[in-house]
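Every number in this text was worked out from the coordinates using simple rules, so none of it is lab data. From a predicted model like this one, the values you see are computed outputs, not experimental measurements. Positions of Cβ are backbone-derived with ideal geometry, glycine not excepted, and every protein chain shown enters the neighbour counts.
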Amino acid sequence: MRDSYKFVDRLINCFQQKKLSIERNRLQQKELEEKASSSLTEEQQLKEKLTLLISYTKQLKEQ
């Protein structure tokens with residue numbers, strides 16, 4: 001009887017640890033997705049600035 005209680009306790013502990021690991025992984029995944037989104041936005045802004053600088057440079061060369 002005692003062994004079955006120990007077994008159940010071990011199962012519960014294992015389940016709780018797995019649950020925490022899954023939650024931690026979800027939070028890490030969310031953070032990574034937010035960073036990726038932020039990086040894409042920043043990249044787009046830099047491309048726009050570069051395009052603007054190139055067009056200004058072309059205009060100056062033409063003058």
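What the table below lists for this structure:
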quantity: Residues being in a helix (DSSP H, G or I), polar (S, T, N, Q) and more than 28 Å from the chain's Cα centre (by Cα) - total across segment 22-63; calculated: 4
quantity: Yes/no for Glu62 being surrounded by fewer than 10 Cβ atoms within 10 Å (Cβ to Cβ) and of a type in the set (D, E, K, R); calculated: yes
quantity: Flag if Arg10 is surrounded by 10 or more Cβ atoms within 10 Å (Cβ to Cβ) and either small (Gly, Ala, Ser) or under 21 Å from the mean Cα position of the chain (by Cα) (or both); calculated: no
